[in-house]
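Okay, so here's the structure we're looking at.
The values are calculated or read from the model by the stated rules, or taken from the named source; none is laboratory data. Quick caveat: nothing in here was measured; it's all calculated off a predicted structure. Glycine also receives a Cβ, built like all others from the backbone with ideal geometry; neighbour counts cover every protein chain displayed. For the accessible areas, the whole protein counts, side chains as well, though only heavy atoms, and no ligand, DNA or RNA atoms are used. Shrake-Rupley method; radii C 1.70, N 1.55, O 1.52, S 1.80 Å.
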Amino acid sequence: MAVVLVTGTSTGIGLATGVTLARAGHTVCAAMRNPAGGSAEIQAIAEQESLPLTVLPIDVDNDASVKAC
């Protein structure tokens, strides 16, 4: 299976996409600007279902943040 980076995973389409891909067996890097404020839901799902998902702090509007990843 693939390793995928999904942005905007704290809510909405990004969250649903990350969870769906992880459930399909892909390793998901779940990117969001502020994991402290938005990662609880996706982390809870990943833990409950033992999904291959890691939350990463990335601001795609900030070049330094992207390069640091």
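Relative to the dominant Cα principal axis of the chain, helix 12-23 is inclined by about 50°. Does the range 4-58 come out rounded, prolate or oblate, given a ≥ b ≥ c as the square roots of the eigenvalues of its C-alpha gyration tensor, rounded meaning a/c under 1.5 and, failing that, prolate meaning a/b above b/c? Prolate, since a/c reaches 1.5 and a/b exceeds b/c.
Peptide packing: for 15-27, 43-55, the average count of neighbouring Cβ atoms within 10 Å per residue gives the ranking 15-27, 43-55, highest mean first.
Give me the 1.4 Å probe accessible area per residue for the chain, excluding ligands and nucleic acids, in Å². Mind showing how you got there, number by number?
Numbers: 4230 Å² over 69 residues.
About 61 Å² of surface per residue is accessible.
Cβ under 15 Å from A16's Cβ, A16 left aside: what net charge do those residues give with Lys, Arg +1 and Asp, Glu -1?
Values: positive: R23; negative: E41, E49.
Counting the neighbours of A16, the net charge comes to -1.
Can you tell me the length gained on complete extension of the stretch V4 to E49, counting 0.36 nm per residue apart and subtracting the Cα distance?
14.4 nm
Helix 40-49 and the longest principal axis of the C-alpha atoms of the chain enclose an angle of approximately 30°. Per residue of the chain, the DSSP helices (runs of n ≥ 4 H) give a summed -39500 (n - 2.57) that works out to -12500 deg cm²/dmol at 222 nm. Per-atom-type breakdown for the chain gives carbon and sulfur 53% of the accessible area (1.4 Å probe, protein chains only).
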